[in-house]
Amino acid sequence: REDDVAARFKDEAIKWKGWMPTLIALGNPALRSRHWDQIFAKMGRPYDKDMTLDNLIQWDIFRFKELVEETSGVASGEYALELQLEKIEKAWKSLNFTLNSYRDSRDVFVLAGLDEVFAQLEDNQSGLQTMLASRFVLGIRDKVEAWDRKLALLSETLDEW
């Protein structure tokens with residue numbers, strides 16, 4: 001009798017061990033609704049945000065192991081790009097330009113201390129180009145392209161100034 005319990009426990013442990021990579025992928029905090037929609041579409045089901053692990057087991061999510069793990073990997077890549085873009089946005093929101101009077105004039109000003117601005121501008125433009133070349137940019141391409149245009153306009157403006 002004890003051998004039956006031990007054998008059953010061993011079989012369950014082996015089954016769960018095989019499921020773990022898929023379960024870890026499903027627990028990825030980078031998964032967004034669009035990723036869940038993709039997974040559920042392949043399963044032939046509408047996305048149910050109130051699903052449980054028991055539901056997923058009943059729906060045989062483990063048949064879609066490769067899809068789940070690939071989608072989770074893509075979500076992680078997209079999330080990394082989102083974080084980089086947020087960093088760029090925050091940097092420009094907190095940057096202040098310094099204006100100095102031009103030759104003691106009260107009405108004419110020039111920008112001062114632009115070394116930091118140009119360094120940040122070049123660094124961010126390079127980062128945005130790298131993002132645009134990434135296979136993970138799809139979910140945020142519009143935002144990345146918008147920032148690329150903003151920084152290109154700033155670069156042109158500063159060059160003219």
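Just so it is clear, none of the values below were taken in a lab; they were calculated from the coordinates. All of these numbers come straight from a predicted model, not from anything done at the bench. Backbone-built Cβ (ideal geometry, glycine too); neighbour counts: all protein chains shown.
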Using just the alpha carbons, could you tell me how many Å³ per residue the convex hull of the stretch 7-63 encloses?
85 Å³
A chain fully extended from Thr130 to Val108 at 0.36 nm per residue, minus the present Cα-Cα distance, gains in nm 4.1 nm
Counting only backbone N atoms under 20 Å from a point 7 Å out along Cα-to-Cβ of Ala80, the residues of the stretch 119-148 in range are 123-145
Efficiency by 1/(1 + (r/R0)^6): what FRET value for Lys87 and Ile14, r their Cβ-Cβ distance, R0 = 45 Å, to the nearest 0.05?
0.55
Surrounding charge for Ala41, neighbours by C-beta under 13 angstrom, Lys/Arg +1, Asp/Glu -1, total +1
Glu66 and Asp48 label points (each 7 Å along its Cα→Cβ direction) are spaced in nm at 2.7 nm
Listed highest first by mean packing, meaning other Cβ atoms within 10 Å per residue, what order do 68-81, 126-139 come in?
68-81, 126-139
Where Rh is the Kirkwood radius over the Cα pairs of the chain, the temperature 4 °C and the viscosity 1.567 mPa s, what D in µm²/s does Stokes-Einstein return?
65 µm²/s
For the modelled label position 7 Å from the Cα of Leu23 along Cα-to-Cβ, which residues of the stretch 49-63 have backbone nitrogen atoms closer than 18 Å?
51-63
